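Colleague: Encoded as structure tokens, here's the structure I'll be asking about.
The values are calculated or read from the model by the stated rules, or taken from the named source; none is laboratory data. All values reported here derive from a predicted model rather than from experimental measurement. For neighbour counting, all protein chains shown are included, and Cβ atoms are generated from backbone atoms with ideal geometry for every residue, glycine included. Note: accessible area is taken over every heavy atom of the protein model, side chains too, but ligands, DNA and RNA are not part of it. Shrake-Rupley method; radii C 1.70, N 1.55, O 1.52, S 1.80 Å.
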Amino acid sequence: MIQSSGVILCLGYILGLLFTAIPWGGVWILALGLVGGILFRKRKLPPQQPESNGKTKTSVQNWQLSANYRVWLAAGLVGLLATLYFQWRVPQPGTKDISQFVPSGNSANQQQLVIVRGQVESSPRLTRSQRGQFWLTATQLDEVKNDKGPASVPKGVNGKLYVTVPLLQATGLHPGQEIAVTGTLYQPKAASNPGGFDFQKYLKQEGCFTGLIGRQINIVNDEDKWGWWQIRERILKSQVSSLGIPEGPLVSAMVLGSKAVDLPYDIRDLFVKVGLAHALAASGFQTSLILGVILQLTRRANKAIQFTLGFLGLIIFLSLSGFQPAVLRAVIMGSAALVGLILDRKVKQFGSLLLAATLILLFNPLWIWDLGFQLSFLATLGLIVTAPAIIKRLNWIPPTIASLIAVPLAATIWTLPIQLSVFGVVPAYSLLLNIVTTPFISVISIGGIISAIAALFFPSIGSMMVGLLHQPTDWLIQLVEFFSNLPGNSVVVGSISTWQMLAVYTLVLLICFFKWWQQRWWFAGLMIFGLVLVPAWHSANTLVRITVLDAGSEPVVVIQDKGNVTLINSGDEGTGRYTIIPFLQQQGVSKIDWAIASDFNNSDNNAWLEVLQSLPIKNFYKYDLKPDTNLATQEIQQEVQKHQGIYQAVAPGQQVTTGLTVAQLIKDKLPILYLQIQNQNWLLVGDVEPQEIERLAKVGGLPTPQVLWCSPESLKDLIKLFQPLVAIATSTNLDPKITTELGKSSTQVFFTGKDGAIQWTPNGKFESFIQETENKLSVL
């Protein structure tokens, strides 16, 4: 399908895109091409072997060497051009992009109320905060005055918009509608905590630069335009009406992919947690089934008809599942197999995969950094180069069982390093669960595809057919729930560095392509385990660090002390899931030794429940500023004790000692928490009037802190009162005069809303996460 010179050129293009992550990447890839050319030029010809007719192939061999020399140089040049092409394709907002009209430096709730008119581009989906979300192509922007109507002349705008609205407002929306959304525009935030989700980067990859928090939707034009979404909805309704929820959306997701189906988050999270996320992704498995069914049904027809129907089936599947990189890769490889069928030639799978990846990245080079594309490409590569070798070594067991083991194992070998780099967590029972669930996934996928085809013509027949899948689907969900509840279902290793990931992939490649390493695969495996586990073990047992996370109006502090972890406060609902857990998983933390809940700002306890659902807490201390008997507190106590932890209510004024830290809530009904960490005094001040703080300080009720955390409203007065070395506040919404005065003081001031998480190490230096990230990026 693709010759060796084509392989080298394709690799040059793909490597060129990967080299955009390092300084002067284009120059480096060009230099690699030159080195490859020189090595091939200096390479001596092997001894000439005479053919059966007595002639030699000297001229052919010389031509191949010369061609390789030129091809390597061309590959280096292609890689250089790829880096330039990538930069050219990076989305940038135009002069009329709607993001240009968002006031900078303001939060969403303080911005001007606007009415944005545009066309709906996607079907609404349910967010975790129970709001409807969809994409909107903006065409017009009006400012609203006093909620009574336009305050200025409407502006013509363009650009893509990420819109969230109340769920009832989103009900009934569909692509193609023209609507007017009333709400507030906002600038998306970059990741402000280690391990946090970079919302700004995600929207930029989608070609979007701003978001809209909508309040109300008015339909401007409800013309019913035909779209693939109608067929998708027809299939989904047919399957949900028979199976119900969550079985119906699950079957639809296994047929069309979770990106095309609004699958409930509890089911999605469950499958991701146990390592079955691939079962919800439309990719090669579905295309193989579709082609297999079509070719089997048309086996008596000529090859032209088989090719036409097979290709048509792939295009329909691509349109229904959405234009996703993984689906596009599978469709291109399926099309290559059809071409091989009609030409009566065997298609080389590796060449087909490489060609598919190159075509996809020519279409959109930014997908080189799309995690879905990376995992799909690597899993398929594992099936091509590693699965056959594993099956060969398992020749002592039946071929069917050997294949069941080899396929998930090969995919895991190639995808695990990048998963560790991004998530830092390994599903412990993933391999076993993949083997056990393969028959269920196959039956459900085949049945789902057949019922979906029937639903296109006769929805009632499609519903009746998919009803037969109720029991297998229910069994699959029960299996996944069983494995997710087993002890040690997730092994937290911590995010590995880029050099560790590259070293692991280098060893995997050596095993695949060099006989010496193949014979010593166990030695390479031990090296891989050492590369991953030894640095994680060393860091966990030597690291001493304090991190103040960017968590809104409540101070959330994580203290790491040579393997012991203390968490102080959990913030509001959502902070546990989106801030604390990603940070701790990135750090390789599998348990929390001590937790202190100081009940700052009367925050709810739901964030603690979010933490406890992922990590056990050995010792939980709850300061009670007021009698608290709500249901969330009882659930926290049950969750702590469920993992043999200790729950203890602590009275204000009582000290709590946790490793390096001595904590004390200073006074009843006042959110003032004193911490002593390595002979350093920290004072965390909640919503308390500065006059009350000053009164307590005068009577000796407050120690003098070296580090102060407080609200921005109290920042100036408390810095003047205590004169700390470092002060940390939540946001930057301060009067410019106050900001200027603070800049003249000797106190180093940080704002988590602007600087992100603040970290301290025993060298005495405080660093902000965003500034440190920007410093690294400026080097690149």
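Colleague: Working carefully through the options Leu432, Leu383, Leu362, Leu409, find the one that is open to solvent by 60 Å² or more (accessible area, probe 1.4 Å), among the aliphatic types (A, V, I, L, M), farther than 26 Å from Gly16 by Cα and within 27 Å of the chain's Cα centre (by Cα).
Modeller: Only one candidate qualifies: Leu432.
Colleague: I've got another one for you. Within the range 543-566, identify whether any single residue is free of Cβ contacts under 8 Å to residues at least 40 places away in the same chain and in a helix (DSSP H, G or I), and answer yes or no.
Modeller: no
Colleague: Considering only the range 314-332, state which residues are small (Gly, Ala, Ser) and either closer than 16 Å to His278 by Cβ or at pLDDT 90 or above (or both).
Modeller: Ser321, Ala326, Ala330 - these are the residues of the range 314-332 that are small (Gly, Ala, Ser) and either closer than 16 Å to His278 by Cβ or at pLDDT 90 or above (or both).
Colleague: Mind listing just one residue for me: the one in the range 542-572 that is among the acidic types (Asp, Glu) and under 20 Å from Ile672 (Cβ atoms) and, of those, least open to solvent (accessible area, probe 1.4 Å)?
Modeller: Glu554
Colleague: Does the range 124-134 include one or more residues that are modelled with pLDDT under 90 and either basic (Lys, Arg) or crowded, with 20+ Cβ neighbours inside 10 Å (or both)?
Modeller: yes
Colleague: Can you name every residue in the range 478-491 that is open to solvent by less than 70 Å² (accessible area, probe 1.4 Å), assigned to a helix (DSSP H, G or I) and either under 21 Å from Gly244 (Cβ atoms) or of a type in the set (A, V, I, L, M) (or both)?
Modeller: Leu479, Val480, listed by residue number.
Colleague: Then there's this: Please go through (1) polar (S, T, N, Q); (2) at pLDDT below 75; (3) open to solvent by less than 20 Å² (accessible area, probe 1.4 Å) for Ser731 and return the number of the only condition it doesn't satisfy.
Modeller: (3)
Colleague: Another question about this same structure. Among the residues of the range 519-541 satisfying the criterion of being open to solvent by 70 Å² or more (accessible area, probe 1.4 Å) and not hydrophobic (A, V, I, L, M, F, W, C), which is nearest to Ala607 (Cα to Cα)?
Modeller: Of everything passing the filter in the range 519-541, Asn541 is nearest to Ala607 (Cα to Cα).
Colleague: While we're here: Show me the helices (runs of 4 or more DSSP H) found entirely inside the range 242-311 where at least 2 residues are of a type in the set (Asp, Glu).
Modeller: Output list reads 265-273.
Colleague: Would you mind finding the one in Thr575, Thr506 that is on the phi < 0 side of the Ramachandran plot, hydroxyl-bearing (Ser, Thr, Tyr) and open to solvent by 60 Å² or more (accessible area, probe 1.4 Å)?
Modeller: Being on the phi < 0 side of the Ramachandran plot, hydroxyl-bearing (Ser, Thr, Tyr) and open to solvent by 60 Å² or more (accessible area, probe 1.4 Å) holds for just one of Thr575, Thr506, which is Thr506.
Colleague: So which residues in the range 608-635 are at pLDDT below 85 and not aromatic (Phe, Trp, Tyr)?
Modeller: Asp624, Leu625, Lys626, Pro627, Asp628, Thr629, Asn630, Leu631, Ala632, Thr633, Gln634, Glu635
Colleague: Follow-up. Given the conditions (1) open to solvent by 50 Å² or more (accessible area, probe 1.4 Å); (2) over 13 Å from Gly284 (Cβ atoms); (3) in contact (Cβ under 8 Å) with a residue 12 or more places away in the chain, and given that Leu343 satisfies all but one, which numbered condition is not satisfied?
Modeller: Going through the list (1) open to solvent by 50 Å² or more (accessible area, probe 1.4 Å); (2) over 13 Å from Gly284 (Cβ atoms); (3) in contact (Cβ under 8 Å) with a residue 12 or more places away in the chain, Leu343 breaks only (3).
Table: residues versus (1) open to solvent by 30 Å² or more (accessible area, probe 1.4 Å); (2) modelled with pLDDT of 90 or more; (3) touching a helix residue (DSSP H, G or I) at 6+ places or on another chain (Cβ under 8 Å); (4) over 17 Å from Thr127 (Cβ atoms).
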{"site": "Gln230", "(1), (2), (3), (4)": "yes, no, no, yes"}
{"site": "Gln239", "(1), (2), (3), (4)": "no, yes, yes, yes"}
{"site": "Asp262", "(1), (2), (3), (4)": "yes, no, yes, no"}
{"site": "Phe271", "(1), (2), (3), (4)": "no, yes, yes, yes"}
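Colleague: If you don't mind, another one. Looking at the range 165-213 only, could you name the residues that are among the β-branched types (Val, Ile, Thr), surrounded by fewer than 18 Cβ atoms within 10 Å (Cβ to Cβ) and not in a loop (DSSP other than H, G, I, E, B)?
Modeller: Ile213
Colleague: Taking the condition open to solvent by 30 Å² or more (accessible area, probe 1.4 Å), touching a residue at least 40 places away in the same chain (Cβ under 8 Å) and β-branched (Val, Ile, Thr), does Ile401 pass?
Modeller: So Ile401 fails the test.
Colleague: Could you give every pair whose Cβ atoms fall below 9 Å, whose first residue belongs to the range 228-243 and is free of Cβ contacts under 8 Å to residues at least 60 places away in the same chain, and whose second residue is surrounded by fewer than 20 Cβ atoms within 10 Å (Cβ to Cβ), counting only separations of at least 6 or pairs across chains?
Modeller: Filtered contacts from the range 228-243: Gln230/His174; Gln230/Asp224; Leu236/Asp262.
Colleague: Out of all the residues in the range 70-91, is one or more assigned to a helix (DSSP H, G or I), among the aromatic types (Phe, Trp, Tyr) and modelled with pLDDT under 75?
Modeller: The answer is no; no qualifying residue exists.
Colleague: So, in the range 92-109, of the ones that are open to solvent by 80 Å² or more (accessible area, probe 1.4 Å) and under 29 Å from Ile219 (Cβ atoms), which residue ends up modelled with the lowest pLDDT?
Modeller: The selected residue is Asn109.
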